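A.B. asks: Shown below is the structure under consideration.
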Amino acid sequence: MASNHSQKVEAIADHADADNDSSHVNAKSIVLSNEAKVEQANAHSLINPKKEITFTVGTNDIAEAAHQIADQKAKAAKAAEEQAAAEQAAAEQAAAEQAAAEKAQQEAQQAAQNAAAASAASAASASSSAATTASTETTTNKGTFKLSFYDPSVLGSGLGYGGVAANLSVFPKGTRLKITLSDGTVWYRTVNDTGSFAAGNPNQLDVAMPNSQIPSAGVLSATVEVVG
């Protein structure tokens, strides 16, 4: 199909000077060439139509990027949930360990209190038993005696500090004495020695005691009883 341009060229060629054959022939050639080019162009357009750019949902780059973002958000949410669960578990474990430690401490304190109470009860029982024994012992009051003191180790004696020197005619050796001081302090001593003072002063006792414990007064008075 010839275009308007080719038609005009052909008309010009038809009206050319009849004597100018070469000009007519050239015009005809130009027309035919132009028609061929037009027909070729039309055929190319039919065979290769212009392609349009289309996006298919779910397959194009935009949709793919949206899917990737959604996946990243889901993974981030899952990671945050797992982290929160781990922190909660750690907090619960720490609370359980603290509760166990507090319970163990309370049990240890209770055990210590029970042991102290048992020890106190045992001491009270022993004291009560001693008091009962003392209250049931038989004693004979021998009156008031003067007390002097000496340290056997200084004198080179090996009799120890549980004895007392006395006039053997008043308290024979082996006699157990209960000596009560004016302030209520009670000593129990056994007669195991005599002294040079005994002949002239039978109402005096010489009590064995370390020098560091001898009363500063030097001489005291006490009520003396014979036990048993």
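The values are calculated or read from the model by the stated rules, or taken from the named source; none is laboratory data. A quick note: this is a predicted structure, and the numbers were derived from the prediction, not measured. Positions of Cβ are backbone-derived with ideal geometry, glycine not excepted, and every protein chain shown enters the neighbour counts. Ligands, DNA and RNA are excluded from the accessible area calculation, which covers all protein heavy atoms including side chains. Shrake-Rupley method; radii C 1.70, N 1.55, O 1.52, S 1.80 Å.
A.B. asks: Evaluate the distance, in nm, between pseudo-label points positioned 7 Å from the Cα of T140 and of Q72 along their respective Cα→Cβ axes.
C.D. replies: Label-label distance for T140 and Q72, simple model: 11.3 nm.
A.B. asks: May I ask you to order 184-195, 68-79, 152-163 by the average number of other C-beta atoms within 10 Å around their residues, highest value first?
C.D. replies: 184-195, 152-163, 68-79
A.B. asks: Rank these residues by their accessible area, most exposed first, probe 1.4 Å: S216, S119.
C.D. replies: Listed by decreasing accessible area, they come as S216, S119.
A.B. asks: Kindly write out, for region 94-110 in residue order, the coupling ³J(HN,Hα) from the Karplus curve 6.51 cos²θ - 1.76 cosθ + 1.60 (θ = phi - 60°), rounded to whole Hz, with x marking Gly and Pro.
C.D. replies: 4, 5, 5, 5, 5, 5, 5, 5, 5, 5, 4, 5, 4, 5, 5, 5, 5
A.B. asks: Ok, one more. Report the gain in length on full extension from A79 to S212: 0.36 nm times residue separation, minus Cα-Cα distance, nm rounded to one decimal.
C.D. replies: Full extension from A79 to S212 adds 39.8 nm.
A.B. asks: Over region 75-120, with every protein chain in place, what whole percent of the accessible area is carbon and sulfur at 1.4 Å, could you tell me?
C.D. replies: 55 percent
A.B. asks: Take the Cα pairs of region 130-228, get the Kirkwood Rh, then feed it into Stokes-Einstein at 20 °C and 1.002 mPa s and tell me D in µm²/s.
C.D. replies: The calculation lands on 156 µm²/s.
A.B. asks: So if R0 is 35 Å, what FRET efficiency would K173 and S122 give, r being the distance between their Cβ atoms, rounded to the nearest 0.05?
C.D. replies: Efficiency at R0 = 35 Å is approximately 0.45.
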